[in-house]
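Nothing in this text is a laboratory measurement; each read-out follows from the coordinates by a stated rule. The structure presented is a predicted model; accordingly, all values stated were derived computationally and were not measured. Note that we place each Cβ from the backbone using ideal geometry, even for glycine, and neighbour counts take in every protein chain shown.
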Amino acid sequence: MAFAKKYAERSGVKPEITTSAEDFFKREDVDAVVIATSSGSHYKLVVAALESGKHVLVEKPMALSTKHMDHMVELSRKKNLKLAVSFQNRFNPPVIELRKKVEGGAFGRIFYGVASIRWNRNEDYYKQADWRGKWKSDGGVLMNQSTHNIDLLQWMLGGDVEEVIGKLENFNHPYIEVEDFGSAIVKFKNGAVGIIEGTSVVFPKNLEETLSIFGEKGTVRLGGLAVNRIEVWRFEGEDSHPMMNLPDPDTVYGYGHVPLYRDFYEAIDQDRDPAIPGEEGRKAVNIVLAIYKSHLTGRPVKFPFEFSAWDMEEVSW
């Protein structure tokens, strides 16, 4: 109700309000829906929408279980419906520039990449919504705050993971079930290695989010508030880039949602896959779930595997 009022004040258009997602999905005048609810509720809502014949754009993480994500992808393909995942940072101009270099072979062989998410989340953040900080409905800093950068890391390093070794801690959040620090080494099938560091314990506020890619002929580091700025750009004959001086966006959400939503609409209109279909959207979550399983078992996790965030409920810090 509060959001509808705010939207009406800003746009001059009073939105329709419903309290039943299932009834809404059944409407014949609705072709597509966006699921932006709590993480643990994504699976059931996406399945219900797909079963009702709706195209779906779902917020990250698309689900909290490997089986659930597989079902979502299979159902969307079976019904010939679009399933897109909200990893809007892929549309950041610096990220697009980096991707061009990767696809064009400018790095030569890519050796490894590093995703660092050094943020802060305090107790007030978790008190804002009771689903936060729980295994069944949220996951920890890797699943909630870090999946955007993990998605970029795996995208740049080839996407096909062979093995993950992970370690978690809850250093400073005794009032939540989940990790506030996570680290991992990700081995890709092409030989590249990914290093992940995600935390919400940085004092006293968010410090940085960076993505670094290292190859035999290139080095790039993206940073800024939302991976929105090029900090290092080194290739043969290139030692700078115009996007080194871009201003930060107003929030960590960045400016990628507009092109993300435009792509979703065009995918439906042109009957093509969205830029980030379910098959792509599940890759970052699979890496996080593998980190969780590795921590729980104390062993490396080989791909493919099965696991869910709620399998972590036996963990005690």
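Comparing Cα centroids, region 60-96 and region 144-160 end up 13 angstrom apart. Structural descriptor for region 2-88: relative contact order 24 percent, calculated from alpha carbon pairs under 8 angstrom and at least 6 residues apart. Can you tell me how region 75-129 classifies by the Cα gyration tensor, rounded, prolate or oblate, using a/c under 1.5 as the rounded cut? It is oblate, given that a/c is not under 1.5 and a/b is not larger than b/c. Given Cα pairs under 8 Å that are at least 6 residues apart, what percent is the relative contact order of the chain? It comes to 22 percent, rounded to a whole number.
Gyration tensor analysis over the Cα atoms of region 277-317 returns equivalent ellipsoid semi-axes of 20, 12, 7 Å (largest first, whole Å).
The sum of -39500 (n - 2.57) across all DSSP H runs of n ≥ 4, divided by the residue count of the chain, sets its helix-only mean residue ellipticity at 222 nm to -9500 deg cm²/dmol. Taking the chain as a Gaussian network of alpha-carbon nodes connected by springs under 10 Å, the highest mean-square fluctuation of the residues Ala290, Ala49, Ala267 belongs to Ala267. Taking the average, over residues, of other Cβ atoms within 10 Å as the packing measure, peptides 23-30, 127-134 rank 127-134, 23-30 from highest down. Stokes-Einstein, applied to the Kirkwood radius of the chain over Cα pairs at a viscosity of 0.692 mPa s and 37 °C, places its translational diffusion at 161 µm² s⁻¹. Karplus-based coupling profile of region 277-284, in residue order and whole Hz: x, x, 4, 7, x, 7, 5, 5, with θ = phi - 60° in 6.51 cos²θ - 1.76 cosθ + 1.60 and x standing for Gly or Pro.
With the cut-off at 1.5 for a/c, could you classify region 238-302 from its C-alpha gyration tensor as rounded, prolate or oblate? Judged from the Cα gyration tensor, region 238-302 comes out oblate (a/c at least 1.5, b/c at or above a/b). Straight-line reach from Lys127: taking Cα to Cα under 19 Å and skipping same-chain neighbours fewer than 8 places apart, the aspartates and glutamates in range are Asp138, Glu177, Glu179, Asp180. The packing ranking, built from the mean of other Cβ atoms within 10 Å per residue, places the peptides 153-165, 3-15, 240-252 in the order 153-165, 240-252, 3-15, highest first. Given R0 = 30 Å, the distance between the Cβ atoms of Tyr253 and Arg299 translates into a calculated FRET efficiency of 0.25. Taking each of Lys26/Lys79; Lys67/Lys134; Lys14/Lys60 in turn, the alpha-carbon distance tops 22 angstrom for Lys14/Lys60. Kirkwood radius, region 14-96, all distinct C-alpha pairs, inverse of mean reciprocal distance: 13.5 Å.
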